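Notes follow the structure.
The values are calculated or read from the model by the stated rules, or taken from the named source; none is laboratory data. Since we're looking at a predicted model, the values are computed, not measured. Methodologically, a virtual Cβ is constructed for each residue, glycine included, from the backbone with ideal geometry; neighbour enumeration extends over all protein chains shown. These area figures cover heavy atoms from the full protein model, side chains too; ligands, DNA and RNA do not enter into them. Shrake-Rupley method; radii C 1.70, N 1.55, O 1.52, S 1.80 Å.
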There are 2 protein chains.
Amino acid sequence: MSFFETHRARLDQAVNACRTRAYWSAFPEIASGKIYGETAKADGEAAFKAMLGKPFDLGQSGAKQVGQEISPYGMPLGITYPADNADALIESSMKAGEAWGRASIEERVGVCLEMVERLNKQSFLIANAAMHTTGQAFMMAFQAAGPHAQDRALEAIAYAYDEMIRVPREVNWSKPQGKGDPIVLDKVFRIVPRGVSLVIGCATFPTWNGYPAIFASLATGNSVIVKPHPGAILPLAITVKIARDVLKEAGFDPNVLMLAPDAAEAPITQELAAHPGVAIVDFTGSPAFGQWVRENAATALVFTEEAGINSIVIDSTGDFRGMCANIAFSLSLYSGQMCTAPQNIFIPAGGIETNDGHKSFDEVAAGIAGAVDKLLGDPDRAANILGTIQNEATTKRVTDARKLGRIVRDSSASPVAGFDNARTATPLLLAVDATDDRAWGEERFGPIAFLIRTASTAESIALASQSARRKGAITASLYSTSDAVVDQAADAFARAGVALSVNLTGGIYVNQSAAFSDYHVSGANPAGNACLTDSAFVANRFRVAPMRRQKVA
Amino acid sequence: MSFFETHRARLDQAVNACRTRAYWSAFPEIASGKIYGETAKADGEAAFKAMLGKPFDLGQSGAKQVGQEISPYGMPLGITYPADNADALIESSMKAGEAWGRASIEERVGVCLEMVERLNKQSFLIANAAMHTTGQAFMMAFQAAGPHAQDRALEAIAYAYDEMIRVPREVNWSKPQGKGDPIVLDKVFRIVPRGVSLVIGCATFPTWNGYPAIFASLATGNSVIVKPHPGAILPLAITVKIARDVLKEAGFDPNVLMLAPDAAEAPITQELAAHPGVAIVDFTGSPAFGQWVRENAATALVFTEEAGINSIVIDSTGDFRGMCANIAFSLSLYSGQMCTAPQNIFIPAGGIETNDGHKSFDEVAAGIAGAVDKLLGDPDRAANILGTIQNEATTKRVTDARKLGRIVRDSSASPVAGFDNARTATPLLLAVDATDDRAWGEERFGPIAFLIRTASTAESIALASQSARRKGAITASLYSTSDAVVDQAADAFARAGVALSVNLTGGIYVNQSAAFSDYHVSGANPAGNACLTDSAFVANRFRVAPMRRQKVA
């Protein structure tokens, strides 16, 4: 049975899920031996450990070896990867892309589906790799880099497939000519790829953010070069290796998918992005570099996720404790290093109405701070939620931020059992006035949040949505018992292109974005120009080459 | 009954036609009184004449009046149009766009469908306007600026509608939690527009090339500013006026659609395209200005149709006379001023096999030249096919081209009854060698064609497809009785992103691109980055703003 037939049912379900956007998932997020096999956890950890301290067996040629990853948990990985220059990579990619671009839709999509299936089987290995590059806690690394990323990959494949099969393969076109014979043409429509697709990865969610682009481009017939962040190569190297094996088995040149690792001191991303051989660029990273890519890439086909400043607007609540607990979790999860994590919490100076009666600004601030303390009170739980700090610069940012407002809750280190050198920081909460926009009006990536005193909820909504339009935002969160306020916020955030969550109090958080249902990043504000995943993310990755032939009478 | 309900059946048929790409058309191309009303022709001509020599009643404010259109048939139109500066136009457009962007999909699509319906009713007026700006013959002006353009508009509306309704409006998302209660969110997905859409028109097919962008942007909620070519304002002014009436009737600010005419000596296109208020740019025109737009527009969302060099490869034929007649018509139609018209005809030096026996290179050249002479032998028929030359520069280009090769057929003026000052030129045919690529390797817009002597059909295909990759091409045409040659050409032109026509001998020509079936421009070579019309042309003109709300227990 072909790869396509093997995975056909899953593909159909995925296509359907993209349409309905009801809950669906292909890959279980529970790291259970019952699902993944009783030895899967131990096997994954052993495989990870076996990779440490030696060259990674990627099966790609390279003029040199690079790689200096250091786990945020404290130890260097000691893994090196074969690296080549931009010209060599792009030449190999173009060559491999010829046959891949001519393959049938079903052949390519089948290969992509098999790749994702095999990635799923290695979720524990990938979890270890993600944990020790991104610095996430193990469970989060498992979910975000494993099944959740795999779902995002499948979603992109489903969109690409659905878009390609909307183009008919052939048609008999017959134009009536009054009483004369009709004009008849046989038309054939061929899907042709763009060419070489460059995917530039990030350090915090290398697979979750990278897979949609990788698989959207592969499915539509492009060859792909993955440029990982120098701090998080391993999760993508494992991905590329697994995928190359599938390509080989299916009879394709494995260079259809290549890794382009570099060293921080000798970066090649700009050379790759500006190379005339590159036809598509996908970028996840900082707005500064994102701007460079948008302005200097060799192609206009650039998809970005950059960054933004996410807000919470607190107007009123029917569940004060639930609200504070929910916000505390959102601030703490992966130490605020998610692109969806909130930074700015707007609260009216006059306080809010709650199920526990009126709460002043300070009481709301104290409620949230107390909920963070409670959540992180148990060291094991704290470690499982906070993970570590991916980048040293973030630790410094937390230190520097202390002077930006009145400290409501200070940041501190948080021990991780077994990792004495782990780099950690709990959330820093600062109270500021709405006028202090030099403090809250910039992105402060990491566990830094502002409690912002506004004149009213109307001002809160206006400031948060204006900030989103100006600086970008991926998420917004609102707490209100008033439908009128919800409607007002819905209008304001929709116009600013921000995904709004309302009254989250249970086990679901504004940070979370579910494949097949939530559109991640709107593309309508500076937080990014693309969305994971919609039609626009896939439709321009291929073109249609038509041929029409006059029927011989 | 709402506009949407009124036109619902037509929309459904259009959506279906876009999927199957079988023959379908909503608007009859036959300029018959039986279809359009017995007085329609006379009414259209009278309405056109009533517009001459006075300010055009657009219903738009303007700081000044501009307009110096001169008919290629010889007389100035004497019409002026209200003009405003970029800031004022964009401010009005943004303001009008607020309510338009909030309207429902059905409301907007209904308004767009009604606009097209009313444009169809004015096809004779638009035909006169198109004839005396583009210089096309009346019948071609009727079809291309009227029903064919209306079909292209409907196609864009159908694609936009289909793309928007693929996004569910709402969903109840319920995530199982093992034995616990599921997490339930009510999700709402709102279509939000990009903002102000700028459509930059051309002088040869102002409505046919402009409508897809105008209606794709309007349907997806954007307000639209139409910047016509100073030489062909009237067809778009009539369009905008008719559409503004519909907007007013439907309760919208008519500035949802505005005209931005300018004078050739004081152009505002660059100011508009680079204005930070512009979110989408659609451009039809020269590669030089197209490059400026791509590099300098305020937005990355730029759709272009620029220009290319289209080829015919002659390998062999089973109908020599039919082939020569077909090519002669393609070269003559609108005097080679179609973006789909062939320029380069590649013929093996050793000649070709035909149903009339072997034909040498010179015999093939003479066959085509003779067919042109025969086609244009009758002055009335010649005038109906050739039309006139839109731009004086094209006439000069024909004159200058004479020295580029051996003249096989010279260009001459061709009288048009009733228009003594019409600017005309019949096709110039030049024989050159494959190595003379300084002659044939550049676009020579107008009635100029090269008969290129190659070593073999394989060389012909290679040169034609390489030229397409380098300089762009929209169409290619092949004559061959060999399936192997057809396959070889199909591969080469598909990789070059060129629409290939094979063995056209009857009443269908390589220049023709039918709405709902032919993809016009692939977007995969320098002839343009967009296609009329595919999903990629519409999917990024809107974004999705999601809201999710936790269900209160």
**Asked** Which three lengths, in whole Å and largest first, does chain A cover when its Cα atoms are put on their principal axes?
**Response** 85, 68, 47
**Prompt:** If amide H atoms are built 1.01 Å from N in the plane of the peptide, which residues on other chains or at least 5 residues away come under 5 Å of the amide H of residue A:428?
**Reply:** A:448, A:449
**Message:** On a full-extension model of 0.36 nm per residue, what is the gain between residue B:181 and residue B:374, subtracting their alpha-carbon distance, rounded to one decimal in nm?
**Reply:** 61.3 nm
**Message:** Using a 1.4 angstrom probe on the protein heavy atoms only, could you order B:356, A:518, B:186 from most to least accessible area?
**Reply:** B:356, B:186, A:518
**Asked** How far apart, in nm, are the 7 Å Cα→Cβ label points at residue A:165 and residue B:75?
**Response** 6.0 nm
**Fill in**
Scoring only Lys, Arg, Asp and Glu (+1, +1, -1, -1) among other residues with Cβ under 13 Å from the Cβ of residue A:222 yields +3
**Message:** Can you tell me the length gained on complete extension of the stretch residue A:321 to residue A:1, counting 0.36 nm per residue apart and subtracting the Cα distance?
**Reply:** 109.8 nm
**Prompt:** Averaged across the residues of B:172-180, what count of C-beta atoms belonging to other chains lies within 10 Å of each residue's C-beta?
**Reply:** 3
**C-alpha center-to-center spacing [the range B:162-194, the range A:492-540] in angstrom** = 12 Å
**Prompt:** So what's the net charge close to residue A:375: Lys and Arg +1, Asp and Glu -1, counting the other residues with Cβ under 15 Å from its Cβ?
**Reply:** +1
**Message:** Rounded, prolate or oblate for the range B:472-553? Axes are the square roots of the Cα gyration tensor eigenvalues, ordered a ≥ b ≥ c, and the cut-off for rounded is a/c under 1.5.
**Reply:** prolate
**Asked** What FRET efficiency do you get for residue A:118 and residue A:487 if R0 is 45 Å and r is their Cβ-Cβ distance, rounded to the nearest 0.05?
**Response** 0.45
**Interchain or long-range residues, amide H under 5 Å from residue B:520's placed H** = B:532, B:533
**Message:** I'd like to check one number: the per residue accessible area of chain A, probe 1.4 Å, reported in Å² as a whole number.
**Reply:** 35 Å²
**Request:** In whole Hz, with x marking every Gly and Pro, tabulate ³J(HN,Hα) for the range A:263-268 from phi via Karplus 6.51 cos²θ - 1.76 cosθ + 1.60, θ = phi - 60°.
**Result:** 9, 4, 8, 9, x, 10
**Fill in**
Computed D for the range B:283-421, Stokes-Einstein, Kirkwood radius over alpha-carbon pairs, 4 °C, 1.567 mPa s, to the nearest µm² per second, is 75 µm²/s
**Fill in**
Percent relative contact order for chain B, counting Cα pairs under 8 Å at least six residues apart, stands at 17 percent
**Prompt:** Accessible area drop of at least 10 Å² (1.4 Å probe, protein heavy atoms): which residues of the range A:10-38 qualify, relative to the chain alone?
**Reply:** A:19, A:20, A:21, A:22, A:23, A:29
**Fill in**
Summing -39500 (n - 2.57) over every DSSP H run of at least 4 residues in chain A and dividing by its residue count gives a helix-only mean residue ellipticity at 222 nm, to the nearest 500 deg cm²/dmol, of -13000 deg cm²/dmol
**Message:** Tell me the net charge near residue A:147. Cut-off is 15 Å between Cβ atoms, residue A:147 excluded, with +1 for each Lys or Arg and -1 for each Asp or Glu.
**Reply:** +3
**Prompt:** Long-range amide H contacts for residue B:319: which residues qualify at under 5 Å (H placed 1.01 Å from N, peptide plane, sequence gap of 5 or more or a different chain)?
**Reply:** B:355
**On Cα atoms only, tilt of A:361-375 relative to the major axis of chain A in degrees** = 70 degrees
**Message:** With a 1.4 Å probe and all protein chains left in place, how much of the accessible area of the range B:357-503 comes from carbon and sulfur atoms, in whole percent?
**Reply:** 48 percent
**Prompt:** Scattering from the C-alpha atoms of the protein assembly as shown alone, worked out with Debye: what is log10 I(q)/I(0) at q = 0.04 1/Å?
**Reply:** -0.23
**Item:** Position residue A:30, label points 7 Å along Cα→Cβ, spacing to each other copy in nm (shortest first, one decimal)
**Value:** 6.9
**Item:** Pseudo-label separations to other copies for residue B:245 - Cα-to-Cβ vector, 7 Å, nm
**Value:** 6.9
**Asked** Between residue B:265 and residue A:286, what FRET efficiency follows from the Cβ-Cβ distance if R0 is 41 Å, with the result rounded to 0.05?
**Response** 0.35
**Request:** Apply the Karplus parameterisation 6.51 cos²θ - 1.76 cosθ + 1.60, with θ equal to phi minus 60°, to every residue of the range B:349-357 and state each ³J(HN,Hα) to the nearest whole Hz, in sequence, with x for glycine and proline.
**Result:** 4, x, x, 9, 8, 9, 5, 9, x
**Asked** Using heavy-atom solvent-accessible surface (probe 1.4 Å) with all chains present, what is the largest-first order of A:21, B:444?
**Response** B:444, A:21
**For the range B:225-233, Karplus couplings with θ = phi - 60° (6.51, -1.76, 1.60), whole Hz, Gly/Pro x** = 10, 9, 9, x, 5, x, x, 8, 7
**Request:** Could you tell me how many degrees, from 0 to 90 and to the nearest 10, lie between the Cα long axis of helix A:147-165 and the main elongation axis, the longest principal axis, of the Cα atoms of chain A?
**Result:** 40 degrees
**Message:** Can you compute the FRET efficiency between residue A:39 and residue A:61 using 1/(1 + (r/R0)^6), with r the Cβ-Cβ distance and R0 = 35 Å? Round to the nearest 0.05.
**Reply:** 0.55
**Prompt:** Among B:258, A:75, what's the order by accessible area (1.4 angstrom probe), most exposed first?
**Reply:** A:75, B:258
**Prompt:** Could you give the nm distance between label points at residue A:458 and residue B:296, where each point is 7 Å from its Cα heading toward the beta carbon?
**Reply:** 4.3 nm
**Asked** Given Cα pairs under 8 Å that are at least 6 residues apart, what percent is the relative contact order of the range A:400-553?
**Response** 15 percent
**Item:** Cα-projected label distance for residue A:54 with residue B:30, points at 7 Å along beta-carbon direction, nm
**Value:** 8.0 nm
**Prompt:** Which percent of the accessible heavy-atom area of the range B:100-201 goes to carbon and sulfur, probe 1.4 angstrom?
**Reply:** 51 percent
**Prompt:** For peptide A:499-506, how many partner chain Cβ atoms fall within 10 Å of a residue's Cβ, on average?
**Reply:** 6
**Fill in**
For the pair B and A, the solvent-accessible area buried on both sides (1.4 Å probe; DNA, RNA and ligands excluded), in Å² to the nearest hundred, is 6000 Å²
**Message:** Quick check: the angle from helix B:287-296's long axis to the longest principal axis of chain B, C-alpha only, nearest 10 degrees?
**Reply:** 30 degrees
**Fill in**
Toy charge model, Lys and Arg Cβ at +1, Asp and Glu Cβ at -1: the range B:145-287 dipole around Cα centroid in debye, rounded to 20, equals 420 debye
**Asked** Cα to Cα, under 30 Å, and not fewer than 8 places away if on the same chain: which lysines meet these conditions relative to residue B:49?
**Response** B:34, B:41, B:64, B:121, B:227, B:241, B:248
**Complete:** Taking a ≥ b ≥ c as the square roots of the eigenvalues of the Cα gyration tensor, with a/c under 1.5 meaning rounded and otherwise prolate when a/b exceeds b/c and oblate if not, the range A:52-123 is oblate
